[in-house]
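Take a look at the structure set out below.
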Amino acid sequence: MFDKKIEKTDDIQTIKLIGDLDVYSEDEFKSFIEEEIDPNKDITIDLKELDYLDSTGLGMFMNIYKMVNDNDKKIKVINAKDNIEKLFRITDLTDLFDME
């Protein structure tokens, strides 16, 4: 199961990811990125309720990073569980994402 929510304010958008972000949820999340995310606002991605992330999901994070970075905006990842934070560390994505 995968779900996502977005909350927007004037200058920041918070994306909450829930469940498993993997190859099976790729198309749904890709459409969400293209349709819902404003590349001209900073992004916070809240992973408090994300239980699993695979390489396909990491690729989606890279798509968001590129979109935001191309517009000189910031992206922050918060509340990552240990298994997901470890995945960011071993792939050196902690160099690209501000992790809290």
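For this structure, a couple of remarks:
- Test: residue in region 16-37 that is of a type in the set (V, I, T), modelled with pLDDT of 95 or more and under 10 Å from the mean Cα position of the chain (by Cα): no
- Scanning region 1-27 for residues that are within 15 Å of D54 (Cα to Cα) and open to solvent by 70 Å² or more (accessible area, probe 1.4 Å) yields M1, V23, Y24, D27.
The values are calculated or read from the model by the stated rules, or taken from the named source; none is laboratory data. Quantities reported herein were computed from a predicted structural model and do not represent experimental measurements. Note: areas computed on protein heavy atoms with side chains; ligands, DNA, RNA excluded. Shrake-Rupley method; radii C 1.70, N 1.55, O 1.52, S 1.80 Å.
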